[in-house]
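The values are calculated or read from the model by the stated rules, or taken from the named source; none is laboratory data. As the structure is a prediction and not an experimental result, all values here were calculated from the model. Virtual Cβ from ideal backbone geometry, glycine too; neighbours counted across all protein chains shown.
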Amino acid sequence: MTDPLTGRNALLKGSCFCGSVTYVIFAPPVLSAYCHCTNCQRLNACPCVHTIHFEESDFEWTHNEPHSELLDFYNNPLKPYKRRIRCKRCGVGVTSHNSNTRRVSVWAAGLERDSEGTILNWDVAKPTAHIFYGTHVLAANDELGKWEGYEGKSNRLG
Ligand SMILES: [Zn+2]
Ligand SMILES: [Zn+2]
(Lines give C-alpha, C1' and ligand atoms only; values in the text may rest on other atoms or scores of the structure.)
(Ligands and ions follow the chains in the order given, each with its own letter.)
Protein backbone atom coordinates (compact mmCIF):
# COMPACT_ATOMS: atom_id res chain seq x y z
CA MET A 1 0.00 0.00 0.00
CA THR A 2 1.19 3.49 -0.89
CA ASP A 3 0.57 6.67 1.08
CA PRO A 4 -1.51 8.82 -1.29
CA LEU A 5 -0.10 12.00 0.25
CA THR A 6 3.60 11.21 0.18
CA GLY A 7 3.93 8.21 -2.15
CA ARG A 8 5.70 6.21 0.54
CA ASN A 9 5.21 2.43 0.69
CA ALA A 10 3.91 0.75 3.83
CA LEU A 11 6.63 -1.07 5.79
CA LEU A 12 4.31 -2.76 8.29
CA LYS A 13 0.61 -3.50 8.47
CA GLY A 14 -1.49 -4.44 11.45
CA SER A 15 -4.99 -5.03 12.73
CA CYS A 16 -7.09 -5.97 15.73
CA PHE A 17 -8.05 -9.63 16.25
CA CYS A 18 -11.31 -9.47 14.24
CA GLY A 19 -9.73 -7.43 11.44
CA SER A 20 -12.20 -4.51 11.60
CA VAL A 21 -9.50 -2.02 12.64
CA THR A 22 -6.46 -1.82 10.36
CA TYR A 23 -3.41 0.40 10.02
CA VAL A 24 -0.17 0.80 8.12
CA ILE A 25 3.23 2.23 9.05
CA PHE A 26 5.46 4.03 6.56
CA ALA A 27 8.80 4.37 8.36
CA PRO A 28 11.04 2.32 10.68
CA PRO A 29 10.29 2.50 14.40
CA VAL A 30 11.93 4.91 16.82
CA LEU A 31 11.80 2.14 19.44
CA SER A 32 11.10 -1.59 19.34
CA ALA A 33 11.42 -3.51 22.59
CA TYR A 34 9.94 -6.03 24.96
CA CYS A 35 8.46 -3.90 27.74
CA HIS A 36 8.20 -5.45 31.20
CA CYS A 37 6.68 -2.41 32.99
CA THR A 38 3.72 -3.01 35.27
CA ASN A 39 1.45 -0.75 33.17
CA CYS A 40 2.03 -2.90 30.08
CA GLN A 41 1.61 -6.06 32.12
CA ARG A 42 -1.72 -4.96 33.59
CA LEU A 43 -3.14 -3.23 30.50
CA ASN A 44 -2.40 -6.19 28.25
CA ALA A 45 -2.83 -9.04 30.78
CA CYS A 46 0.57 -10.36 29.67
CA PRO A 47 3.97 -10.84 31.36
CA CYS A 48 5.48 -8.38 28.83
CA VAL A 49 4.62 -6.88 25.46
CA HIS A 50 6.58 -6.27 22.30
CA THR A 51 5.88 -2.58 21.83
CA ILE A 52 6.94 -0.58 18.78
CA HIS A 53 6.91 3.22 18.70
CA PHE A 54 6.57 5.40 15.59
CA GLU A 55 6.25 9.08 14.83
CA GLU A 56 2.52 9.78 14.46
CA SER A 57 3.13 11.11 10.94
CA ASP A 58 4.34 7.64 9.89
CA PHE A 59 1.15 5.90 11.06
CA GLU A 60 -2.17 5.77 9.21
CA TRP A 61 -5.51 4.03 9.78
CA THR A 62 -6.69 2.04 6.73
CA HIS A 63 -10.18 0.80 7.69
CA ASN A 64 -13.03 2.46 5.82
CA GLU A 65 -15.65 2.54 8.56
CA PRO A 66 -15.88 5.72 10.66
CA HIS A 67 -13.73 5.74 13.81
CA SER A 68 -16.86 6.34 15.94
CA GLU A 69 -18.22 2.92 14.84
CA LEU A 70 -15.02 1.03 15.45
CA LEU A 71 -12.74 2.61 18.03
CA ASP A 72 -12.92 2.84 21.81
CA PHE A 73 -10.58 4.93 23.94
CA TYR A 74 -9.04 4.73 27.37
CA ASN A 75 -6.89 7.45 28.87
CA ASN A 76 -4.55 6.03 31.50
CA PRO A 77 -5.14 8.13 34.67
CA LEU A 78 -1.50 7.47 35.69
CA LYS A 79 -0.33 8.87 32.32
CA PRO A 80 -3.17 11.05 30.99
CA TYR A 81 -1.14 11.98 27.89
CA LYS A 82 -1.41 8.33 26.81
CA ARG A 83 -4.61 7.24 25.06
CA ARG A 84 -5.14 3.57 24.35
CA ILE A 85 -7.26 2.74 21.33
CA ARG A 86 -9.08 -0.57 20.97
CA CYS A 87 -11.56 -2.23 18.64
CA LYS A 88 -15.16 -1.96 19.81
CA ARG A 89 -16.00 -5.35 18.27
CA CYS A 90 -13.27 -7.70 19.51
CA GLY A 91 -12.00 -5.50 22.36
CA VAL A 92 -8.35 -5.83 21.39
CA GLY A 93 -6.04 -2.88 21.92
CA VAL A 94 -4.42 -1.81 18.66
CA THR A 95 -2.45 1.35 19.42
CA SER A 96 -1.60 3.87 22.08
CA HIS A 97 -1.04 7.56 21.32
CA ASN A 98 1.27 9.72 23.40
CA SER A 99 0.30 13.38 23.04
CA ASN A 100 3.55 14.54 24.70
CA THR A 101 5.88 12.84 22.25
CA ARG A 102 3.39 12.75 19.33
CA ARG A 103 4.22 9.09 18.87
CA VAL A 104 2.08 6.03 18.34
CA SER A 105 2.77 2.62 19.89
CA VAL A 106 1.60 -0.59 18.33
CA TRP A 107 2.01 -4.11 19.70
CA ALA A 108 3.88 -6.51 17.47
CA ALA A 109 1.38 -9.31 18.10
CA GLY A 110 -1.09 -7.37 15.92
CA LEU A 111 1.20 -7.05 12.91
CA GLU A 112 0.49 -8.89 9.67
CA ARG A 113 2.15 -12.33 9.34
CA ASP A 114 2.93 -14.86 6.64
CA SER A 115 1.37 -18.36 6.56
CA GLU A 116 4.08 -19.62 8.95
CA GLY A 117 3.16 -17.01 11.55
CA THR A 118 6.25 -14.86 11.03
CA ILE A 119 5.64 -11.12 11.12
CA LEU A 120 6.18 -9.58 7.69
CA ASN A 121 9.21 -7.32 7.48
CA TRP A 122 10.47 -8.68 10.82
CA ASP A 123 13.86 -6.99 10.34
CA VAL A 124 12.07 -3.64 10.59
CA ALA A 125 9.86 -4.65 13.51
CA LYS A 126 12.20 -6.81 15.62
CA PRO A 127 13.01 -5.69 19.17
CA THR A 128 16.41 -4.36 20.17
CA ALA A 129 16.12 -4.70 23.97
CA HIS A 130 14.15 -5.63 27.06
CA ILE A 131 13.02 -2.44 28.82
CA PHE A 132 11.73 -1.87 32.37
CA TYR A 133 13.18 -5.30 33.11
CA GLY A 134 13.34 -4.63 36.86
CA THR A 135 9.67 -5.61 37.14
CA HIS A 136 9.86 -8.62 34.85
CA VAL A 137 7.76 -11.67 35.70
CA LEU A 138 9.04 -13.75 32.79
CA ALA A 139 12.82 -14.13 32.61
CA ALA A 140 14.33 -13.68 29.16
CA ASN A 141 17.37 -15.77 28.27
CA ASP A 142 18.25 -14.12 24.99
CA GLU A 143 21.07 -11.94 23.70
CA LEU A 144 19.16 -8.65 23.97
CA GLY A 145 20.18 -6.13 26.63
CA LYS A 146 18.04 -5.88 29.76
CA TRP A 147 17.47 -2.30 30.96
CA GLU A 148 15.96 -0.86 34.12
CA GLY A 149 14.14 1.78 32.03
CA TYR A 150 14.61 2.72 28.38
CA GLU A 151 17.47 1.25 26.37
CA GLY A 152 20.62 3.34 26.61
CA LYS A 153 18.97 5.81 29.04
CA SER A 154 18.92 3.74 32.22
CA ASN A 155 20.96 1.15 34.11
CA ARG A 156 21.72 -2.00 32.19
CA LEU A 157 20.66 -5.03 34.23
CA GLY A 158 21.94 -7.75 31.96
ZN1 LIG B 1 -11.56 -6.05 16.21
ZN1 LIG C 1 5.53 -0.80 29.33
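Against the conditions (1) within 16 Å of ligand 1 (Cβ to nearest atom); (2) under 30 Å from residue 140 (Cα atoms), residue 64 satisfies every one except (2). Evaluation of residue 48 against the conditions (1) touching a helix residue (DSSP H, G or I) at 6+ places or on another chain (Cβ under 8 Å); (2) within 16 Å of ligand 1 (Cβ to nearest atom) shows that the sole unmet condition is (2).
Only a single criterion out of (1) within 25 Å of residue 71 (Cβ to Cβ); (2) surrounded by 19 or more Cβ atoms within 10 Å (Cβ to Cβ) is not satisfied by residue 131, namely (1). A residue that is aliphatic (A, V, I, L, M), within 16 Å of ligand 2 (Cβ to nearest atom) and outside any loop (DSSP other than H, G, I, E, B) occurs nowhere in the stretch 58-81.
Within 16 Å of ligand 1 (Cβ to nearest atom), of a type in the set (Gly, Ala, Ser) and outside any strand (DSSP E or B) - does that describe any residue in the stretch 91-102? Scanning the stretch 91-102 turns up at least one residue that is within 16 Å of ligand 1 (Cβ to nearest atom), of a type in the set (Gly, Ala, Ser) and outside any strand (DSSP E or B).
Answer with yes or no whether residue 71 is more than 19 Å from residue 28 (Cβ to Cβ), surrounded by 16 or more Cβ atoms within 10 Å (Cβ to Cβ) and modelled with pLDDT under 95. It would help to see each step written out before you state the result.
Working: more than 19 Å from residue 28 (Cβ to Cβ): yes; surrounded by 16 or more Cβ atoms within 10 Å (Cβ to Cβ): yes; modelled with pLDDT under 95: no.
When the stated conditions are applied, residue 71 does not pass them.
On the stretch given as the stretch 116-158, residues that are more than 19 Å from the chain's Cα centre (by Cα), among the charged types (D, E, K, R) and part of a loop (DSSP other than H, G, I, E, B) total 5.
Quick one: which residue in 89, 84 is more than 16 Å from residue 12 (Cα to Cα), in contact with a strand residue (DSSP E or B) (Cβ under 8 Å, 6 or more places away or on another chain) and not small (Gly, Ala, Ser)? Full working, then the answer.
Numbers: 89 fails: in contact with a strand residue (DSSP E or B) (Cβ under 8 Å, 6 or more places away or on another chain).
Unique residue meeting the criteria: 84.
All of (1) crowded, with 17+ Cβ neighbours inside 10 Å; (2) farther than 25 Å from residue 24 by Cβ hold for residue 145 with one exception: (1).
Looking only at residues of the stretch 99-128 that are in contact (Cβ under 8 Å) with a residue 24 or more places away in the chain and among the small types (Gly, Ala, Ser), we find that the one that is surrounded by the fewest Cβ atoms within 10 Å (Cβ to Cβ) is 109. The residues on offer are 33, 27, and the sole one that is small (Gly, Ala, Ser) and within 15 Å of ligand 2 (Cβ to nearest atom) is 33.
Within the stretch 1-14, restricting attention to residues that are over 11 Å from residue 58 (Cβ atoms) and over 11 Å from the mean Cα position of the chain (by Cα), the residue that is nearest to ligand 1 (Cβ to nearest atom) is 13.
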